[in-house]
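Rule-based calculations on the coordinates, nothing more; no lab input. This structure is a prediction, so every number in the text was calculated from the model and none was measured. FYI the Cβ positions are ideal-geometry reconstructions off the backbone, even for glycines, and counts take in every protein chain you see.
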Amino acid sequence: MEIARINDRILPLTEVPPQFLDRGLFFGDGVYEVLRSCRGRIFALEEHLARFERSAAEIRIPQVDITSIRSQVLEAFEQAGFENAKIYFHLTRGSHLRDHLPCDGLRPNFLLTVQALHDEPRKKQEGIRVSTHPDWRWKRCDIKSLNLLPNILARMDADRKRCTEALLVNEAGLITEGAGSAFFAVDGSEKTLYTHPLGPAILPSITRAVVLQIAPDAGLRPVEEAITPKRAAEMDELFIAVTTKDIIPVVELDGRPIGSGRPGACTRALMDRFLDRYSEGH
């Protein structure tokens with residue numbers, strides 16, 4: 001008899017609940033999104049849904065009903081009742097006995113959670129420490145896949161060094177992005193904002209796109225160009241950007257202070273303009 005063991009329970013393989021046979025659990029075979037709300041309004045919902053639809057198409061999960069997912073997101077958000085919320089959802093290819101090649105007729109599994117989101121004003125006011133780590137991820141980081149083990153290992157390494165985030169460095173010695181964030185550097189003398197160009201090496205971050213849009217309003221010229229950790233350490237300002245935290249100043253990289261060791265004027269200007277976007281309900 002074919003059997004399975006779930007913790008301390010043994011049962012026939014045919015009786016294993018579908019959630020234990022999810023291809024997301026076996027292989028990370030799925031995609032996800034994270035959104036936030038501010039003052040009772042979900043930020044950039046349509047942009048996140050478009051990215052989610054693209055990710056699902058790229059890994060060939062068929063017939064994703066974005067209209068239905070939008071409705072489920074809005075319904076869950078309303079029912080949770082949080083003004084400031086973190087909304088997570090993922091879609092896996094479905095459940096079946098473990099085999100690398102998916103069988104025909106799988107029904108995708110959908111999971112959504114809504115949690116209260118608490119801002120961290122101290123990090124925004126004082127800045128954070130970051131460290132570098134090799135970029136061990138796969139070659140399609142533009143897909144928001146459930147395969148996040150390299151990101152987790154990088155974040156664990158950063159935490160061991162008492163840092164908040166890890167900046168991933170590729171084999172060419174260039175910073176791609178953070179383990180869970182987009183990365184930016186400011187050359188104050190030239191009023192230039194640097195970030196890695198879009199492509200398979202990084203996620204097409206929604207927050208990153210907004211930062212590039214508002215950069216000219218803060219007097220900065222955006223340049224999509226990758227830089228080395230050495231060059232980053234010599235910049236006047238660094239910051240990361242992520243959906244659930246917006247813009248967070250970086251004041252130390254690999255133990256070296258950045259600029260004055262305090263959040264810089266350009267980063268603060270961008271933070272103010274980002275808040276304006278929330279007010280506009282973008």
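Label positions at His118 and Arg231, each projected 7 Å from the Cα along the C-beta direction, are separated by 4.0 nm.
Take every Cα pair under 8 Å whose residues are at least 6 apart in sequence, average their separation, divide by the length of the stretch 134-282, and the relative contact order is 21 percent.
Under 16 Å from a label point set 7 Å out along the Cα-to-Cβ vector of Leu111, the amide N atoms of the stretch 24-55 belong to 24-35. In the chain, Cα pairs under 8 Å separated by at least six residues give a relative contact order of 17 percent. Among the lysines of the chain, pairs that are 8 or more positions apart or on different chains and have alpha carbons within less than 22 Å of each other number 13. Inter-part distance, the stretch 1-41 to the stretch 132-180, computed on C-alpha centroids, equals 25 Å. DSSP finds beta bridges in the chain, and of those with both partners inside it, around 75 percent are antiparallel.
Zone of Tyr88 (label point 7 Å along Cα→Cβ, backbone N under 13 Å): which residues in the stretch 150-182? Residues 152 fall inside that zone. Taking every DSSP bridge with both residues inside the stretch 121-280, close to 60 percent are antiparallel.
For an R0 of 41 angstrom, estimate the FRET efficiency from the Cβ-Cβ distance between Leu149 and Asp217 and round to the nearest 0.05. Plugging the Cβ-Cβ distance into 1/(1 + (r/R0)^6) gives 0.60.
Can you order the peptides 28-35, 39-46 by their average number of other Cβ atoms within 10 Å per residue, highest first?
28-35, 39-46
Taken along the Cα-to-beta-carbon direction at a fixed 7 Å, the label points for Asp272 and Glu15 span 6.6 nm.
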